[in-house]
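The structure appears right after this line, and notes come after that.
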Amino acid sequence: HGESHGSKEYRAWAQMISRCCNPNVLGYKDYGGRGITVCDTWRKSYPAFLQNVGRAPSPSHSIDRIDNKRGYTPGNVRWATSIEQNNNRRRNHVISFCGISLTLKQWSVKTGINACTIKSRLGLYGWSLEEALTLPPMSPQQSAQKGNAMRHGR
């Protein structure tokens, strides 16, 4: 392919194959070990991978699967920043409200309400989504009182 093995794109390709195909590699259990594969065309050909995915837009971008349940295939791979990748993690809890689906962290940024506050409002205090995402922050005592009042129909 005439490219340095040290390029960002080449390293991403080689690491992608390694974590999906080599059981001796750290991280294999989270990729190949849980059924994440690399399509045959990309596994056999770096130029085909590069043609489909293109160059990384910046040094801060790395390879990311759009749907974490699917493998590395055309249409399911992009170059993403660390923030984009953190919002695309399996363990993230996505909250849908008013037709918008965002992670807890994204709702926190959008509303200006601390993510821990939103999580407590929903889980610990039993608030509705609308209240948890729209009411201004309160003291923990006020939040608990509101949660208790809601549970007792007041």
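At a glance:
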{"read-out": "Count - residues of segment 8-50 that are β-branched (V, I, T) and not in a loop (DSSP other than H, G, I, E, B)", "value": "3"}
{"read-out": "Single condition W42 does not satisfy, out of (1) closer than 19 Å to K69 by Cβ; (2) out of contact with any strand residue (DSSP E or B) (no Cβ under 7 Å at 6 or more places or on another chain)", "value": "(2)"}
{"read-out": "Test: residue in segment 3-21 that is over 24 Å from P57 (Cβ atoms) and of a type in the set (A, V, I, L, M, F, W, C)", "value": "yes"}
{"read-out": "Residue under evaluation T41, criteria (1) among the polar types (S, T, N, Q); (2) modelled with pLDDT of 95 or more; (3) open to solvent by less than 30 Å² (accessible area, probe 1.4 Å), criterion not met", "value": "(3)"}
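The values are calculated or read from the model by the stated rules, or taken from the named source; none is laboratory data. Keep in mind that this is a model prediction, so the values were computed, not measured. Counting neighbours? That spans all protein chains shown, and the Cβs are built from the backbone with ideal geometry, glycine included. Just the protein is used for accessible areas: all its heavy atoms, side chains included, with ligands, DNA and RNA removed. Shrake-Rupley method; radii C 1.70, N 1.55, O 1.52, S 1.80 Å.
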